[in-house]
Structure formats: structure tokens, C-alpha cells
Amino acid sequence: QVQLVESGGGLVQPGGSLRLSCAASGFAFRQSAMNWYRQAPGKERELVATITRTGAYRNYADSVKGRFTISRDNAVNTVYLQMNDLKPDDTAMYYCNTMWGATSSWGQGTQVTVSS
């Protein structure tokens with residue numbers, strides 16, 4: 001069945017960078033749009049970035065536009081989130097997501113902490 005495994009999170013100082021990865025399996029990755037969400041303590045889960053099946057269209061939350069870049073490599077079933085100029089408000093659990101069939105699938109999340 002659908003499996004999504006995030007990696008690449010960690011502790012970084014403000015202004016630093018991280019690159020998150022999401023390894024996908026168990027579904028037609030090449031036919032699926034992919035999303036990154038995040039959730040900070042006490043806040044609702046927030047859509048951060050979306051990428052279509054070929055990468056022709058990408059969309060970002062206003063709070064990360066110009067700093068984050070979503071990309072995908074369909075040859076290896078992986079979606080990425082490059083995060084630059086990180087801010088303390090970016091601190092959250094980051095989740096990879098896709099809608100396949102009738103269900104929405106999620107990874108286990110990877111923690112990003114931005115602190116000096």
C-alpha cells in the first residue's frame with residue numbers, strides 16, 4: 001500500500017537551510033500530485049507547497065514563497081522541499097502527502113527546528 005517516508009529534518013539556526021526528502025512507494029507516483037504540509041504545536045496543519053505530476057506547476061504558501069522550493073524526481077519516486085533562509089516560525093513537523101484513490105496518505109513526518 002501507499003508508503004511515504006520523510007527525512008532531512010533537524011536543528012538549524014535562523015537563516016540556515018535544510019533539504020527534506022520524501023520517498024514514495026505503493027502507488028502511481030508519476031500520476032500523482034504531491035504536497036508538503038507542516039504543523040507546529042498548537043496550530044492547525046498548514047499546506048506549504050504543492051507540485052503537479054510533471055512539476056510543471058508548483059504552488060507555495062505566502063509565508064514560504066521565495067524561500068522554499070518543491071521539486072520531484074519521478075525516476076526515483078521522490079519529492080523534495082528545499083528550505084532556505086529559515087525562520088523560527090518555520091519550526092514544525094513537516095509531512096509529505098498525496099491523494100491516491102479515495103484516501104489521503106501521509107508520512108510519519110520529519111521535525112524541523114529553527115532556533116539560535
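The values are calculated or read from the model by the stated rules, or taken from the named source; none is laboratory data. Keep in mind that what you see is a predicted model, and the values were worked out from it rather than measured. Positions of Cβ are backbone-derived with ideal geometry, glycine not excepted, and every protein chain shown enters the neighbour counts. Accessible surface is based on the protein model in full, side chains and every heavy atom, while ligands, DNA and RNA are left aside. Shrake-Rupley method; radii C 1.70, N 1.55, O 1.52, S 1.80 Å.
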Per the filter on the stretch 81-91, residues open to solvent by less than 10 Å² (accessible area, probe 1.4 Å) and either over 12 Å from LEU18 (Cβ atoms) or in contact (Cβ under 8 Å) with a residue 60 or more places away in the chain (or both) are LEU81, MET83, LEU86
Of (1) touching a Lys or Arg at 6+ places or on another chain (Cβ under 7 Å); (2) loosely packed, with under 13 Cβ neighbours inside 10 Å, SER115 fails just (1)
Restricting the stretch 1-21 to residues that are under 19 Å from ALA49 (Cβ atoms) and in a loop (DSSP other than H, G, I, E, B), the one most open to solvent (accessible area, probe 1.4 Å) turns out to be SER17
Within the stretch 92-112, the residues that are crowded, with 17+ Cβ neighbours inside 10 Å and polar (S, T, N, Q) are ASN97, THR98, SER105, THR110
Flagged in the stretch 27-51 as open to solvent by 40 Å² or more (accessible area, probe 1.4 Å), on the phi < 0 side of the Ramachandran plot and not in a strand (DSSP E or B), in numbering order, are ARG30, GLN31, ALA33, PRO41, LYS43, GLU44, ARG45
